[in-house]
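What follows is a set of notes on a single structure, which appears directly below.
The values are calculated or read from the model by the stated rules, or taken from the named source; none is laboratory data. On a predicted model such as this, the values are computed, not experimentally measured, just so you know. Glycine gets a Cβ as well: all are built from the backbone with ideal geometry, and neighbour counts include every protein chain shown.
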Amino acid sequence: MMAGFYTVISRGNLVKKIIGLNIFQVSVFLLYISIGTVAGGAAPIITEGVELYSNPLPHVLILTAIVVGVATTALGLALVVRIKEAYGTIEEGEIHEQDHSL
Amino acid sequence: MTHNLILRVVSKSLIPLIIVFALYVQFHGDFGPGGGFQAGVILSAAIILYALVFGLDAAEQIIPSGILRILAGLGVLIYAGTGIVTLFSGGNYLDYSGLVGSQIAGQHLGILLVELGVGITVFSVMLIIFFAFAGRGRP
Amino acid sequence: MIDVFINVILLAFLAITAVAIVRMTNLFAIIMLFGIFSFLSAAMFIVMDAVDVAFTEAAVGAGISTALMLATIALTKDHDEKQSVSYRPWLPLVVVIATGAALVYGTLDIPTFGDPDAPTQTHVAPYYIERSAPETGVPNIVTAVLASYRGFDTLGEVVVIFTAGIAVLLLIGGRRRKSTAVRDEREENDA
């Protein structure tokens with residue numbers, strides 16, 4: 001998780017930043033799912049003869065979060081494409097330089 | 001990639017299987033793992049594979065982007081419309097118990113409709129996004 | 001017991017992949033590693049009994065995200081990350097370590113992994129587990145909660161996805177017309 005965070009704030013490449021954001025996101029998902037786990041529990045699909053299920057609520061939240069996550073990732077990547085077309089680079093530092101030189 | 005024979009043959013036999021699997025995931029989501037979100041993504045993956053192997057234009061001939069935009073809106077409408085219908089059948093918004101006959105049948109139908117709306121929206125939005133990215137690269 | 005063992009191994013793999021992603025500069029390799037990362041986390045979700053989530057993560061994270069990122073680097077034609085001159089790794093590293101330490105301190109209060117008596121397990125989860133099958137007739141509790149009990153949430157999520165689709169269309173939907181022309185002009189002026 002911290003690796004993702006580090007990537008977001010330390011690297012200048014915008015595509016890499018988005019990948020870092022994704023890693024960050026997946027780590028948060030892992031945290032949620034691990035909270036919902038019950039030792040010895042089964043997947044939350046009702047079957048006969050099974051008494052102990054893991055907590056379905058985090059699963060629901062994370063399920064929707066993943067799909068929303070890919071939608072926001074796509075939006076970020078679209079922005080990257082537009083930035084590339086406008087500035088000719090996807091390195092943050094070079095974009096700043098161009099802004100200052102204008 | 002239009003010249004690659006192996007890819008063409010393999011993907012031709014693979015794409016129908018992927019589509020059938022997506023439909024299975026969509027409608028079997030009540031009983032096993034799966035549901036609208038997954039089914040939509042798998043279905044769009046089938047079309048994306050087709051676009052990668054046979055070219056973007058061929059894929060856009062199967063599903064024109066105009067239809068995709070309508071489908072994306074239609075999915076949300078199915079979802080929200082189910083909620084409106086439940087209002088008329090005497091329940092709260094998105095409370096499916098009064099849809100048909102018994103409570104369980106109503107819930108089942110409601111969940112099925114809602115998942116269908118989710119599936120259609122996810123499928124078409126994923127394809128819209130992919131076509132937007134891929135179409136950008138064309139001269 | 002075996003669960004915990006598998007979890008530890010998978011988590012180690014995840015950490016290794018993440019560090020490799022941080023250290024690499026070739027964007028193509030990074031994106032492939034990100035696909036591996038997604039699959040590993042999907043495997044972890046399965047071990048932790050979240051089959052629906054694992055399904056979604058494998059399809060979305062490893063499939064669609066990777067394809068979109070590849071499309072992006074194909075569009076931007078920038079396959080290597082350049083190390084900028086003003087690259088200073090120490091400040092971000094300190095910030096990250098401090099945040100990480102705070103989070104680890106926070107986890108000390110979290111109940112033991114897999115504890116059936118933890119507050120999350122005793123609040124609303126038993127209600128869903130006991131009542132969802134008789135009330136909705138759907139064996140998959142996740143689907144029941146997703147579409148029925150929390151239908152409102154899911155409606156919101158669907159609208160978010162719909163909006164993201166519209167936004168992407170607005171940003172890069174049409175053929176490029178003006179932006180490239182303006183840039184070419186600017187490049188000519190520079191030259």
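Annotations
- Qualifying residue in segment B:7-26 (condition: farther than 14 Å from B:Val122 by Cα and not in a helix (DSSP H, G or I)): no
- All of C:Ala133, C:Ala164 fail the test of being within 7 Å of another protein chain (Cβ to nearest Cβ), farther than 24 Å from A:Gly88 by Cβ and modelled with pLDDT of 75 or more, apart from C:Ala164.
- Residue match in segment A:35-55 (condition: closer than 30 Å to C:Pro134 by Cβ and at pLDDT 80 or above): no
- Test result for B:Pro33, assigned to a helix (DSSP H, G or I), without any contact (Cβ under 8 Å) to a residue 12 or more places away in the chain and under 17 Å from the mean Cα position of the chain (by Cα): no
- Taken together, the criteria exclude C:Leu11 from residues that are within 15 Å of the chain's Cα centre (by Cα) and surrounded by fewer than 22 Cβ atoms within 10 Å (Cβ to Cβ).
- Of all residues in segment A:64-102, exactly one satisfies the criterion of being farther than 27 Å from B:Val41 by Cα, facing chain C (nearest Cβ under 7 Å), in contact (Cβ under 8 Å) with a residue 12 or more places away in the chain and assigned to a helix (DSSP H, G or I), namely A:Gly93.
- Selection of first residues in segment B:57-84 that are without any contact (Cβ under 8 Å) to a residue 60 or more places away in the chain and of second residues that are of a type outside the set (Asp, Glu) and not in a helix (DSSP H, G or I), restricted to Cβ pairs under 6 Å at least 6 apart or on distinct chains, gives the following pairs, ordered by first then second residue: B:Gly83/B:Tyr93; B:Gly83/B:Leu94.
- In segment C:18-46, the residues that are under 30 Å from A:Pro56 (Cβ atoms) and either more than 9 Å from chain A (Cβ to nearest Cβ) or outside any helix (DSSP H, G or I) (or both): C:Gly35, C:Ile36, C:Phe39, C:Leu40, C:Ala42, C:Ala43
- First in segment C:142-164 and more than 25 Å from B:Ile70 (Cα to Cα), second anywhere and modelled with pLDDT under 85 and surrounded by fewer than 22 Cβ atoms within 10 Å (Cβ to Cβ), Cβ under 7 Å, 6 or more apart: C:Thr143/B:Asp30
- The residue list B:Tyr79, B:Tyr50, B:Tyr93, B:Tyr24 contains one member that is aromatic (Phe, Trp, Tyr), over 21 Å from C:Val51 (Cα atoms) and out of contact with any Leu (no Cβ under 8 Å at 6 or more places or on another chain), which is B:Tyr50.
- Only a single criterion out of (1) at the interface with chain A (Cβ under 9 Å from one of its Cβ atoms); (2) modelled with pLDDT under 70; (3) out of contact with any helix residue (DSSP H, G or I) (no Cβ under 7 Å at 6 or more places or on another chain); (4) in a helix (DSSP H, G or I) is not satisfied by C:Thr180, namely (3).
- Index of the failed condition, B:Ser13 passing every other in (1) surrounded by 15 or more Cβ atoms within 10 Å (Cβ to Cβ); (2) at pLDDT 85 or above; (3) among the small types (Gly, Ala, Ser): (1)
- Meets criteria (within 7 Å of chain C (Cβ to nearest Cβ), closer than 28 Å to B:Ser124 by Cβ, modelled with pLDDT of 80 or more and surrounded by fewer than 24 Cβ atoms within 10 Å (Cβ to Cβ)) for A:Leu21: no
- Residue in segment B:81-101 that is of a type outside the set (Asp, Glu), crowded, with 20+ Cβ neighbours inside 10 Å and under 30 Å from B:Phe133 (Cβ atoms) present: no
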